[in-house]
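Undergrad: Okay, here's the structure, questions in a sec.
The values are calculated or read from the model by the stated rules, or taken from the named source; none is laboratory data. In this text the structure is predicted, and so the values were computed from the model without any measurement. In this analysis, Cβ positions are derived from the backbone assuming ideal geometry, glycine residues included, and neighbour counts consider all displayed protein chains.
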């Protein structure tokens, strides 16, 4: 059965299982990113680096929130249009959502870089932790556009009836993140951490002192 027809005519129970299980696995993988990162950063860089990552986490959540807001909103509209057989409108919504994801990510990046130190202090960074949080968040913001588009695209893939592909993109990122973290921290002696996540954007935290 065609994917569009399956979404419109398939049994609800079957569709619920087909879409919910990959989504649950994807959410668990997302949670593992931070667990794996903290393990390697704590062992390879130190407690101050973990503090820097933790202080910057709320700023990362804002980036993720905007990506998911636009991605999931567009996902609902795309699914409705595909169900109505209006494929051209669905493609137009996807294109507009992609532009909105890129523009909003750029705006957040500029604002984040300008107000980085005040924001980090607002979230509790001390003078000792501030350099770690600053170094980490600079790289996060440099990859913010790609991350935002990655979150949106993941939702678009689901709306077209490919939940397994959406899950696999997250799994690939998680596996590469787990492999590259120790390579960059221990093998290359960078005193840093690299996260490779959707859509495979590199982030590095340099060790100070």
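Undergrad: Please go through the range 19-37 and pick out each residue that is in contact with a helix residue (DSSP H, G or I) (Cβ under 6 Å, 6 or more places away or on another chain) and over 20 Å from residue 176 (Cβ atoms).
TA: If the condition is that a residue be in contact with a helix residue (DSSP H, G or I) (Cβ under 6 Å, 6 or more places away or on another chain) and over 20 Å from residue 176 (Cβ atoms), then 19 is the only one that fits.
Undergrad: Right, next: Mind checking which residues of the range 136-164 are more than 15 Å from the chain's Cα centre (by Cα) and at pLDDT 85 or above?
TA: Correct list: 138 only.
Undergrad: Only one of 66, 40 is touching a residue at least 12 places away in the same chain (Cβ under 8 Å), over 24 Å from residue 151 (Cα atoms) and either surrounded by fewer than 18 Cβ atoms within 10 Å (Cβ to Cβ) or in contact with a helix residue (DSSP H, G or I) (Cβ under 7 Å, 6 or more places away or on another chain) (or both); which?
TA: Among 66, 40, only 40 is touching a residue at least 12 places away in the same chain (Cβ under 8 Å), over 24 Å from residue 151 (Cα atoms) and either surrounded by fewer than 18 Cβ atoms within 10 Å (Cβ to Cβ) or in contact with a helix residue (DSSP H, G or I) (Cβ under 7 Å, 6 or more places away or on another chain) (or both).
Undergrad: Evaluate the following for residue 173: is it touching a strand residue (DSSP E or B) at 6+ places or on another chain (Cβ under 8 Å), modelled with pLDDT under 85, closer than 24 Å to residue 70 by Cα and not in a loop (DSSP other than H, G, I, E, B)?
TA: yes
Undergrad: Another question, then. Can you spot a residue in the range 184-197 that is buried (at least 19 other Cβ atoms within 10 Å of the Cβ), modelled with pLDDT of 85 or more and in contact with a strand residue (DSSP E or B) (Cβ under 7 Å, 6 or more places away or on another chain)?
TA: Checked the range 184-197: no residue is buried (at least 19 other Cβ atoms within 10 Å of the Cβ), modelled with pLDDT of 85 or more and in contact with a strand residue (DSSP E or B) (Cβ under 7 Å, 6 or more places away or on another chain).
Undergrad: Let me ask something additional. Can you tell me which residues in the range 97-125 are surrounded by fewer than 22 Cβ atoms within 10 Å (Cβ to Cβ), touching a residue at least 40 places away in the same chain (Cβ under 8 Å) and either out of contact with any helix residue (DSSP H, G or I) (no Cβ under 8 Å at 6 or more places or on another chain) or closer than 23 Å to residue 167 by Cα (or both)?
TA: Of everything in the range 97-125, those that are surrounded by fewer than 22 Cβ atoms within 10 Å (Cβ to Cβ), touching a residue at least 40 places away in the same chain (Cβ under 8 Å) and either out of contact with any helix residue (DSSP H, G or I) (no Cβ under 8 Å at 6 or more places or on another chain) or closer than 23 Å to residue 167 by Cα (or both) turn out to be 98, 102.
Undergrad: Test residue 132 against the stated conditions and say whether it is assigned to a helix (DSSP H, G or I), touching a strand residue (DSSP E or B) at 6+ places or on another chain (Cβ under 8 Å) and at pLDDT 85 or above.
TA: No; evaluated as a whole, the condition is false for this residue.
Undergrad: What helices (runs of 4 or more DSSP H) lie completely within the range 13-124 and have 3 or more residues being under 20 Å from the mean Cα position of the chain (by Cα)?
TA: 47-83, 87-114
Undergrad: OK, next. So which residues in the range 14-31 are surrounded by 15 or more Cβ atoms within 10 Å (Cβ to Cβ) and within 23 Å of residue 51 (Cα to Cα)?
TA: 29, 30
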